[in-house]
1. Which is the longest stretch in the chain that no exposed loop site breaks, taking sites as chymotrypsin sites (Phe, Trp or Tyr not before Pro) with a DSSP loop state and at most 15 other Cβ atoms within 10 Å?
2. Under a 5 Å amide H to amide H cut-off, with H placed in plane at 1.01 Å, what residues pair with Val122 once short-range neighbours are removed?
3. Using all C-alpha to C-alpha distances in segment 44-169, build P(r) with 5 Å bins and read off the rounded percent in each one.
4. Step through the residues of segment 139-150 one at a time and calculate ³J(HN,Hα) from phi using the Karplus curve (6.51 cos²θ - 1.76 cosθ + 1.60, θ = phi - 60°), rounding each to whole Hz and writing x for Gly and Pro.
5. Considering only Met138, Met179, Met164, give the residue with the highest GNM mean-square fluctuation for the chain, with springs between Cα atoms whenever their separation is below 10 Å.
6. Over segment 16-100, what is the relative contact order in percent, taking alpha-carbon pairs closer than 8 angstrom and at least six residues apart?
7. Hey, what D do you get for the chain in µm²/s if you plug the Kirkwood alpha-carbon radius into Stokes-Einstein at 25 °C and 0.890 mPa s?
8. Taking +1 at the Cβ of each Lys and Arg and -1 at the Cβ of each Asp and Glu, which of Met157, Leu76, Met138 sits farthest along the dipole of the chain towards its positive end, judged by Cα position relative to the Cα centre?
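A short reminder: the numbers here are calculations on the coordinates, not readings from a lab. Bear in mind the structure is a predicted one, so any value in this text is a computation, not a measurement. Cβ placement follows ideal geometry from the backbone for every residue including glycine, while neighbour counts extend to all protein chains displayed.
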Amino acid sequence: MMYGYEWDTTTWLTYATSILPIILIGLTVTLKAAAAGFAIALVLGLVFALLRRSRIKAISWTTAVVVEFLRDTPLLVQLFFLYYVLPDFGIVLPAFLTGALALGLQYAAYTSEVYRGGIEAVPRGQWEAATALNMTRMQTYSDIVVPQAVPRILPAMGNYLVAMIKETPVLSVVTVLEMMGLANMISERTFEYLVPLTMVGLIFLLLTLVCSAALHRLQLALPKAGIPLK
């Protein structure tokens with residue numbers, strides 16, 4: 001009910017159509033935040049993985065501590081720290097950038113372990129061959145190790161992308177008006193929660209299915225391109 005009037009199917013459809021443009025604006029923000037966060041996680045996760053394999057113990061141990069801290073603390077706590085604590089030290093970040101950075105840092109800790117597993121799965125003979133060819137450590141990683149590790153880590157990376165998309169509603173606590181945040185605002189103003197929240201749930205379900213299907217097609221395409229998955 002809304003303002004004392006009962007709703008029928010036609011009214012629900014009319015209401016859903018009227019709020020759809022607003023929900024789609026939130027969807028755009030959701031996708032941008034997830035994309036930015038995932039890009040950060042991909043790059044920073046690889047950096048973490050390589051630093052943890054450093055021969056210098058101080059670097060590898062420090063990186064391990066940072067990764068464990070990011071993995072073992074809630075995303076919400078990290079988000080609040082970036083948005084509310086950093087300004088005390090003179091670092092003020094826009095809300096959207098803060099949200100994307102929080103997502104990226106959190107998932108960089110997870111992707112670093114995926115990268116590390118993929119790197120360690122490369123046969124030892126490949127490392128020895130690179131040494132025999134007098135390749136530098138950077139050349140070994142860029143030309144030999146990483147290209148072989150990437151196909152192995154695709155499933156896990158796809159799962160983290162889906163998880164990150166579903167984590168974006170938490171960004172509303174720092175005033176990022178993504179899809180869920182806008183749906184809540186609409187619900188609070190109209191006192192009708194069923195339609196907005198159902199729409200958001202269905203859109204998230206659709207996004208998950210699309211990402212899963214795209215990942216599956218990519219996995220099927222790699223062997224055809226001559227890139228082994230194992």
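1. Looking at the chain, 8-190 is the longest stretch - no exposed chymotrypsin sites (Phe, Trp or Tyr not before Pro) with at most 15 other Cβ atoms within 10 Å.
2. none
3. Per 5 Å bin, starting at zero, the Cα-Cα P(r) for segment 44-169 comes out as 2, 10, 17, 18, 18, 14, 9, 6, 4, 2, 0 percent.
4. Each residue of segment 139-150 in turn: 5, 4, 5, 6, 9, 10, 7, 4, x, 7, 7, 4 Hz.
5. Met138
6. Details: 29 pairs, mean separation 24.1, N = 85.
This gives 28 percent for segment 16-100.
7. Rounded, D is 122 µm²/s.
8. Final value for the positive-end residue is Met138.
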